[in-house]
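For reference, the structure discussed in these notes is given below.
Each reported figure results from applying straightforward, stated rules to the coordinates on display, with no laboratory input. Predicted model, so just to flag it, every value in this text is computed and none were measured. No Cβ is skipped: glycine too gets one built from the backbone with ideal geometry, and neighbour counts run over all protein chains shown.
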Amino acid sequence: MIKNYIYTLLNRIKIEKKYNIALNNLINYLRDSKFLNDDNVESAFRNIPRHEFVQTSELDRAYSNEPLSIMKNQTISQPGVVSRMTEWLDIKDGQKILEIGTGSAWQTAILSYLVGTGTVYSIERHSELVKFAKENLEKFSLNNTHVILGDGSLGYPQASPFDRIMITAACQEIPLPLLEQLADNGLIIAPVGDSSQSLVLLKKTPKGIIEIKSQSHYIFVPLLGKFGKKN
Ligand code: SAM
């Protein structure tokens, strides 16, 4: 009995050590390639381990800088893209955030960690993924997230306005309801385009919506729904 317990414990320590080495290598790579520059985002990456959000069959690749399949032909986003989008969105404690496209909820959990006393609403259109996301989030004591089944292209008017909005699927154009639900001086980030997209960061100002920055050559799965691509 005790022998079995010690064996399991040693095995777990060995696995955690393996993940820690892989995470350190990933963080060094993201720092060197300037995809990761912010200490708070690094802390989120360390406290919200990606291997808790991937499927068992993908565990060996949890810390490689690539998107991985989850289910329903969707992917958990590439770490470099998650760090860049999170940094651009400039999350502050206490904010209200809307995320469209929960997927595995890894990005959701990172936002939740950074927003502290704030709240994250995340919408996903596949019920299987909502279940997967909720199971993944339950592994952490994050009590400021709401995962909602629905069409995220409509936003979530009942909790608006949002200080920050992140769309994690490719849009032909940013859905109008999401721009309407953004708070004054709020930021919204989204990949915009067809087969290849530009990551675009916009701000709502008294003079209207202005572009803060944009960068080309990103590839995301499409945003579907009423104000997204029609399937
Ligand atoms: N950030 C997620 C993660 O780390 O696991 C990955 C998001 S994945 C790239 C994009 C997600 O957007 C998919 O799970 C897809 O089902 C979802 N999606 C696409 N169109 C949607 C819509 N209209 N409403 C809600 N979710 C949508």
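Observations
- Partner aspartates and glutamates for LYS17 [C-alpha distance under 20 Å; skip if fewer than 8 residues away on the same chain]: GLU42, GLU52, GLU58, ASP60
- In order along the stretch 158-167, phi translates into HN-Hα couplings of 5, 10, 6, x, 10, 6, 9, 10, 10, 9 Hz, rounded to whole numbers, per the Karplus curve 6.51 cos²θ - 1.76 cosθ + 1.60 with θ = phi - 60° and x for Gly and Pro.
- Relative to the Cα centre, the charge distribution of the stretch 36-114, modelled as +1 at Lys and Arg Cβ and -1 at Asp and Glu Cβ, gives a dipole magnitude of about 220 debye.
- Test item: Cα-centred dipole of the stretch 99-231, Lys/Arg +1 and Asp/Glu -1 on Cβ, debye: 100 debye
- Helix 106-115 axis, angle to the chain major axis (alpha carbon atoms, nearest 10°): 80 degrees
- Considering only the chain, percent of DSSP beta bridges that pair antiparallel, nearest 5: 45 percent
- About the centre of its Cα atoms, the chain shows a dipole size close to 380 debye [charges on the beta carbon of Lys, Arg (+1) and Asp, Glu (-1) only; nearest 20 debye].
- Sorting 177-183, 54-60 by average packing, meaning the other beta carbons within 10 Å per residue, from highest down gives 177-183, 54-60.
- Backbone phi angles across the stretch 22-36, fed through the Karplus curve with coefficients 6.51, -1.76 and 1.60 (θ = phi - 60°), yield HN-Hα couplings of 5, 5, 4, 5, 4, 4, 4, 5, 5, 5, 4, 8, 6, 7, 10 Hz in residue order; Gly and Pro are listed as x.
- Couplings 3J(HN,Hα) of the stretch 44-60, computed from phi: 5, 4, 6, 8, 10, x, 4, 5, 7, 10, 9, 6, 3, 5, 10, 4, 5 Hz, in residue order, whole Hz [Karplus 6.51 cos²θ - 1.76 cosθ + 1.60, θ = phi - 60°; x for Gly and Pro].
- By the helix-only formula, in which each DSSP H run with n ≥ 4 contributes -39500 (n - 2.57) and the sum is divided by residues, the chain has a 222 nm mean residue ellipticity of -10500 deg cm²/dmol.
- Residues whose amide H comes within less than 5 Å of that of ILE148, counting only those at least five positions distant or on another chain, are SER122, ILE123, GLU124 (H built at 1.01 Å from N in the peptide plane).
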